[in-house]
Number of protein chains: 2
Amino acid sequence: MLHSEFAHNRPMNTPINGAIPADAAWQRTGKLWSSLKEVCDLLRIPPSAAVIADSDTQFQHVQFKAGQRIHTIGQPFDVLYVVNSGFLKTVMIDVFGNEQILSFPMKGDLFGVDGIHGRRYESEAVALTNCDVILVPFKKFTALGKAHPELEAAIYGVMSRELIREQSMVTMLGSLSAEARVARFLVNLSERFSELGYSGKQFNLRMTRHEIGSYLGLTLETVSRTLSAFNEMGLISVDQRAIDIKDFNALKTLRRLPPSRTRNKEKQALASAAALASQRAVA
Amino acid sequence: MLHSEFAHNRPMNTPINGAIPADAAWQRTGKLWSSLKEVCDLLRIPPSAAVIADSDTQFQHVQFKAGQRIHTIGQPFDVLYVVNSGFLKTVMIDVFGNEQILSFPMKGDLFGVDGIHGRRYESEAVALTNCDVILVPFKKFTALGKAHPELEAAIYGVMSRELIREQSMVTMLGSLSAEARVARFLVNLSERFSELGYSGKQFNLRMTRHEIGSYLGLTLETVSRTLSAFNEMGLISVDQRAIDIKDFNALKTLRRLPPSRTRNKEKQALASAAALASQRAVA
DNA sequence: CGGATGCTTGATTACTATCAAGCTAAGTGG
DNA sequence: CCACTTAGCTTGATAGTAATCAAGCATCCG
């Protein structure tokens, strides 16, 4: 009970494991500063010897409670954010006022990059759970790039990675069915949890059906129905926010629910004709 | 008329103007090298005095014929590309083999950025028309960034701009109807043409309906029907690839075709009931 | 002048959104 | 501690948008 975010997350992700200690009591004892090496590790940037040695450079942590806003659209940009713990969402709002969730950053993820171009954030970021976030002043970051050439390359690499992520979102929204999108969403979450050392099979969603729907370009009802369908098919078991993945591979390769639907034309035609006939009989 | 692409494009964009000579002498007299300043201008990066003065740094041009591939997926990355003239498409292919068009680069656009992260291109780029493209070796580019700090900031800015572009694609695919997507596509093209000094009202599409559909997450039939609908509504006039925008503002604010569709429930209910009744009468 | 591509249009299907209740879980205040 | 409220989730019925299937037409090219 003395814990905090990590504790707050851990038991939710691995409800099996009952006895996780030292949940990072950040709210009392939380880290306030991180070294350059720690930030690199979080971002999965291989740190060079020079970077490891650099202990002068420190980055500040900030804590947010669930529901709090980290930055808003239009707010002047000067820092990038790296998630140390907790879950967030980033949201863009288009000219018509349509809200669209763009990402669900979690530990090790970078956000705020869209502020670089216009010196203002183009999206807003909101904490879904209590969060611990590291502030990375952009100026400081690029200045460090000059001192450490490999670091500079890595910065470009991280930005490129974000771009690729967006590109695959576009591909998904442009070409996958509702079921395939939800399946991919689960697979992605699962893989990200696994990479962080949590269970990739059992975890708790941190977002509402509405938020999932916004992220995937679907309504909350379609998300709910699709999860229920996966449940009935035995691919997952789902109870509210709790997910248990039963057949990872089936999810990974799923394209759409009805197997092929290509070779049963006549049957369908007959069936619908019959249905029509009976309808008319009734009427 | 000693120039080249501009001449080459112009007649297609402004078919009104019948007498443009010397199309595309680029194949004979095309520029082979550009200075750093010229590249900055193309990319809309404000060049500093130092950049303007730098005439040692030169970037090579390469010409491609329509249909030729500039780079493929998986090919080792080492250069970024800046379009000097012509039109291209970039395509990503997902795990299931779905093809998705991600962008239609034209003069002043940068592509190849997705190769930075994994040192391999994640997408492929194909020329839709004859093209003149400038090769920007990434190493050289970042090295220049060190010499010219404002240039480095601009590089980050350009990458951030690309990210924002992708984000708005996601928002569009996630929340707009077919008509709204096609409308936005036309508006975007129009604005880009205008910025380049071409007519934003009358222009020729360089891509097929299929390619537009792939870009917008729609089928080619839906694209065709939507253009026809806009035509009938008087928003545009369309004949094959030739587009003439009649009501730019209507396109810009269009959300979906049927005006509101919110306040005519009863009418619709009655109508469909009537239809059903007559159907049954027939049967 | 075919043949091939690409475009349009029509008919039909089906997927997903919308509308509409219930239901569950988690607080909240008496 | 227990109604009571509220936000979130599920499920059903229905409707509408866009995909699919299917011709026919236009344009371009060799």
FRET efficiency for A:Arg256 and B:Lys252 from the Cβ-Cβ distance with R0 = 30 Å, rounded to 0.05, comes out at 0.30
Probe 1.4 Å, all protein chains in place: accessible area of B:Lys31 in Å², nearest 10?
100
For peptide B:174-180, what's the mean number of Cβ atoms from other chains within 10 Å of each residue's Cβ?
5
Taking each residue in A:82-90, count the Cβ atoms of any other chain within 10 Å of its Cβ, then average. What number comes out?
0
Buried accessible area between B and A, both sides, 1.4 Å probe, in Å² rounded to 100, is 4400
At 0.36 nm per residue, minus the direct Cα-Cα distance, what do A:Ile73 and A:Glu99 gain on full extension? Give it in nm, one decimal, please.
8.2 nm
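Tell me the per residue accessible area of the stretch A:85-233 using a 1.4 Å probe; a whole number in Å² is fine. Present the calculation step by step, with values, prior to reporting the outcome.
Values: 4870 Å² over 149 residues.
Ligands and nucleic acids excluded, the result is 33 Å² per residue.
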Quick check on packing: order B:67-77, B:225-235 by the mean number of other C-beta atoms within 10 Å, highest mean leading.
B:225-235, B:67-77
Separation between Cα centres of the stretch A:233-249 and the stretch B:51-125, rounded to whole Å:
41
Enter the mean number of other protein chain beta carbons within 10 Å of the beta carbon of each residue in B:122-128, as an integer.
1
Coordinate range along principal axes, alpha carbons of the stretch B:169-239, Å, largest first:
31, 27, 20
So the label point sits 7 Å from Cα along the Cα-to-Cβ vector; using that for B:Ala49, what distances do you get to the other copies, in nanometres, sorted shortest first?
4.2
Placing a label point 7 Å from Cα toward Cβ, how far apart in nm is B:Pro76 from its equivalents in the other copies, listed shortest first to one decimal?
4.6
Binned Cα-Cα distance frequencies in the stretch B:33-174 - 5 Å width, integer %:
2, 10, 18, 23, 21, 14, 8, 3, 1, 0
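The values are calculated or read from the model by the stated rules, or taken from the named source; none is laboratory data. Just so you know, these numbers come straight off a predicted model, no measurement behind them. A quick note on method: Cβ atoms are made from the backbone with ideal geometry, for glycine too, and the neighbour counts reach across all protein chains shown. Ligands, DNA and RNA are excluded from the accessible area calculation, which covers all protein heavy atoms including side chains. Shrake-Rupley method; radii C 1.70, N 1.55, O 1.52, S 1.80 Å.
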